[in-house]
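The values are calculated or read from the model by the stated rules, or taken from the named source; none is laboratory data. Remember, it's a predicted structure, so these values are computed and weren't measured experimentally. No Cβ is skipped: glycine too gets one built from the backbone with ideal geometry, and neighbour counts run over all protein chains shown. Note: areas computed on protein heavy atoms with side chains; ligands, DNA, RNA excluded. Shrake-Rupley method; radii C 1.70, N 1.55, O 1.52, S 1.80 Å.
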Amino acid sequence: MSQLPKVHQTVVHMLAAAANDCGDTSAVVYEDRDLSYIEYLRCVAGLAHKLQEYSGGQSLRGERVALICGNSLEMAIGTFAVHASGAQAVPVNPIYTKRELTHILGDSEPIAVIFDAEISAVVEPLLQEWKIAHGIEVGDAGERFDVWRDDISVTLPEMPIPEDLATLQYTGGTTGLPKGVIITHRQLSTNISQRESGWPTRQGEERVLCVMPLFHVYASSMALHLAVYCKSQLHILSKYRPDTVLKCIAEDRITILPVGPTIYQGLMSYEGFASTDFSSLRIAYSGSAPLPEETLKRWEEATDCPILEGYGQTEAGPVVSAIHEGTPAIVGSVGKPLAGTIVQIVDVETGSSILDAGEQGEIRVQGPQIMSGYRNRLEETKEALRDGWLYTGDIGELDDEGNLYIRDRKKDMVIVGGYNVYPREIDEVLFAHPDVSEAAAVGVPDEYRGEVIRACVTLREEANITSEDLLNYCAQELAKYKVPAEIQILEEVPKTTVGKIDKSAVRNLFRTI
């Protein structure tokens with residue numbers, strides 16, 4: 001790995017190095033709150049010690065702490081503090097419903113949960129249900145994690161080591177239940193440096209905008225960690241609003257914009273886009289979903305700022321390949337593998353025959369950033385990790401120059417506005433309704449979100465329920481982005497010749513409606 005830029009032992013070491021080298025430099029800005037790097041480090045250290053009090057002042061190595069928070073200063077400090085305490089961070093979407101949170105908290109078994117005050121009515125009963133003794137409520141009605149900013153006496157606890165578990169990132173599962181992806185500090189830190197090898201930053205000069213959700217692996221990698229690695233300033237927005245994003249780019253002189261295709265499209269559709277000053281913006285990154293060629297061209301023509309697309313997944317640390325900065329854009333490609341990463345295309349049936357350039361097959365990846373496995377999912381770990389390779393479940397091809405193209409997905413997954421959604425989970429929720437006899441959810445193309453979920457059901461005899469009733473039911477059980485855009489009630493769900501639900505026919509059904 002000698003070809004990589006500096007690899008820190010852990011992200012805590014990375015933050016400590018930034019505080020040592022440029023302690024008075026502005027590190028993170030959120031609304032009217034601003035921390036320098038030394039203040040950032042003090043806050044992380046203070047919270048880490050608070051968390052360690054839950055184990056008598058000892059390291060939380062082997063434990064987990066869940067963070068159910070939206071974008072905020074508390075989420076940024078909290079993520080680093082959990083790592084500094086020795087625990088494994090479990091970032092969770094705060095809009096998840098009770099059903100979704102119940103599974104994740106039960107599977108991860110955290111010693112503590114940090115959560116936004118506005119979701120306390122959902123979270124607190126779950127703390128009791130799972131006998132989680134420690135909950136920290138944050139936000140306007142809760143605690144603030146910048147109380148240690150001026151405490152010069154606070155120092156970091158004993159540092160974690162590269163082999164320690166860093167993150168347990170939940171991602172959707174084909175079984176209908178999210179799987180916890182196990183990432184070590186070595187894997188996490190190595191991928192940060194691999195990203196730097198393809199998308200180099202300027203030390204102390206960047207201003208990074210974080211509008212993507214920090215509980216998502218894309219924002220933590222491409223905003224939270226990127227900013228600290230290059231000892232620059234991170235601007236956190238609590239949520240996406242086109243006027244706020246454009247104002248921040250212009251007034252705060254943002255240099256790096258890491259977002260997904262939906263946000264690029266939303267910004268370009270906003271009336272204030274044409275009059276925005278983009279002169280400070282030197283690079284934009286796109287990830288979490290495929291970027292339409294038309295979106296890329298329109299953005300670059302309007303802003304004179306290139307978009308560099310990459311490919312990755314939670315199981316891969318997360319970044320696998322990238323259009324390297326300074327190289328010509330290749331339409332439709334997600335670039336070349338990052339340093340230290342090997343990508344092969346293999347046959348879908350056995351996964352053992354390596355295919356030639358131009359042939360399509362399953363993408364498998366090898367590299368030091370690849371996950372250690374899934375928590376409590378031995379069989380699924382064996383299926384994903386075989387002979388030192390991560391089998392991604394994505395279908396792609398390599399050209400003669402080694403550029404990677406994503407063509408399809410082997411696994412039943414839909415990407416809605418950058419979020420992975422597994423239709424099986426929606427199927428299971430619909431099946432659980434007492435009036436539903438059969439259900440089939442699929443992803444169909446959508447001009448704005450890339451894809452959306454649509455579903456069809458058949459009802460039991462004497463059922464008296466409408467599509468709107470079912471949509472309201474889904475809204476109670478599923479995060480908003482998973483709720484189908486439409487549910488059709490049919491006499492019969494399309495079947496194959498052997499009587500199985502035919503998802504391909506269901507997709508065609510919605511394309512013709």
If you go through E300, E206, the only one that is without any contact (Cβ under 8 Å) to a residue 12 or more places away in the chain and touching a strand residue (DSSP E or B) at 6+ places or on another chain (Cβ under 8 Å) is E300
Being of a type in the set (S, T, N, Q) and open to solvent by 20 Å² or more (accessible area, probe 1.4 Å) is the filter; apply it to the range 101-123 and report the residue that is nearest to the chain's Cα centre (by Cα).
T102
Under 9 Å between Cβ atoms, at least 6 apart or on separate chains: pull out the pairs that start in the range 6-29 with a residue that is touching a residue at least 12 places away in the same chain (Cβ under 8 Å) and under 21 Å from H185 (Cβ atoms) and end on any residue that is open to solvent by 10 Å² or more (accessible area, probe 1.4 Å) and among the aromatic types (F, W, Y).
K6/Y229; H8/Y229; V11/Y229; M14/Y229; A18/Y229
Open to solvent by 10 Å² or more (accessible area, probe 1.4 Å) and closer than 27 Å to I263 by Cβ, is that true of D387?
no
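Residue by residue, here is whether (1) within 26 Å of I104 (Cα to Cα); (2) in contact with a helix residue (DSSP H, G or I) (Cβ under 7 Å, 6 or more places away or on another chain); (3) open to solvent by less than 60 Å² (accessible area, probe 1.4 Å) holds:
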position	(1), (2), (3)
R375	yes, yes, yes
L378	yes, no, no
Y391	yes, yes, yes
N420	yes, no, yes
A440	yes, yes, yes
L459	no, no, yes
Give the number of residues within the range 193-219 that are in contact with a Gly (Cβ under 9 Å, 6 or more places away or on another chain) and of a type in the set (V, I, T).
1
Only one of R511, R424, R454 is in a strand (DSSP E or B) and of a type in the set (K, R); which?
R454
Does P290 satisfy the criteria of being touching a residue at least 12 places away in the same chain (Cβ under 8 Å) and more than 28 Å from C22 (Cα to Cα)?
yes
Does R61 qualify as being of a type in the set (D, E, K, R), surrounded by fewer than 23 Cβ atoms within 10 Å (Cβ to Cβ) and part of a loop (DSSP other than H, G, I, E, B)?
yes
Residues of the range 121-143 that turn out to be in a loop (DSSP other than H, G, I, E, B), modelled with pLDDT of 95 or more and over 27 Å from H185 (Cβ atoms), as a count
1
Within the range 1-47, restricting attention to residues that are of a type in the set (S, T, N, Q) and open to solvent by less than 20 Å² (accessible area, probe 1.4 Å), which residue is nearest to L234 (Cα to Cα)?
S36
Counting just the residues of the range 470-486 that are assigned to a helix (DSSP H, G or I) and without any contact (Cβ under 8 Å) to a residue 40 or more places away in the chain, which one comes out nearest to H103 (Cα to Cα)?
A475
Just to verify a result, which residue in the range 487-513, among those that are among the hydroxyl-bearing types (S, T, Y) and open to solvent by 60 Å² or more (accessible area, probe 1.4 Å), is modelled with the lowest pLDDT?
T497
Of all residues in the range 409-418, how many are on the phi > 0 side of the Ramachandran plot and open to solvent by 20 Å² or more (accessible area, probe 1.4 Å)?
1
When restricted to T350, T392, the only residue farther than 25 Å from V331 by Cα and of a type in the set (V, I, T) is T350
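Taking only the range 74-119 into account, find how many residues are part of a helix (DSSP H, G or I) and either of a type outside the set (D, E, K, R) or in contact with a Cys (Cβ under 6 Å, 6 or more places away or on another chain) (or both).
19
Here is a yes/no grid of residues against (1) of a type in the set (A, V, I, L, M); (2) surrounded by fewer than 16 Cβ atoms within 10 Å (Cβ to Cβ):
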position: L257; (1), (2): yes, no
position: E271; (1), (2): no, yes
position: S275; (1), (2): no, yes
position: L281; (1), (2): yes, no
position: E294; (1), (2): no, yes
position: W299; (1), (2): no, no
position: C305; (1), (2): no, no
position: G317; (1), (2): no, no
In the range 19-49, which residue that is outside any helix (DSSP H, G or I) and hydrophobic (A, V, I, L, M, F, W, C) is nearest to K231 (Cα to Cα)?
A27
Residues of the range 459-513 satisfying the condition of being of a type in the set (S, T, N, Q) and under 16 Å from G443 (Cα atoms)
Q488, S504, N508, T512
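Results for (1) of a type in the set (V, I, T); (2) over 23 Å from G139 (Cβ atoms), shown as yes or no for each residue.
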{"residue": "K231", "(1), (2)": "no, yes"}
{"residue": "L234", "(1), (2)": "no, no"}
{"residue": "S238", "(1), (2)": "no, no"}
{"residue": "T244", "(1), (2)": "yes, no"}
{"residue": "A250", "(1), (2)": "no, yes"}
{"residue": "R253", "(1), (2)": "no, yes"}
{"residue": "G260", "(1), (2)": "no, yes"}
{"residue": "I263", "(1), (2)": "yes, yes"}
Leading residue by the ranking (nearest to A357 (Cα to Cα)) among those in the range 403-431 that are modelled with pLDDT of 90 or more and out of contact with any Gly (no Cβ under 8 Å at 6 or more places or on another chain)
I426
Go through the range 114-147 and give me each residue that's within 24 Å of E39 (Cα to Cα) and among the basic types (K, R).
R144
Note on the range 461-486: residues charged (D, E, K, R) and crowded, with 19+ Cβ neighbours inside 10 Å are E477, K482
Say we look at the range 442-455 and pick out the residues that are charged (D, E, K, R) and modelled with pLDDT of 90 or more; which of these is surrounded by the most Cβ atoms within 10 Å (Cβ to Cβ)?
R454
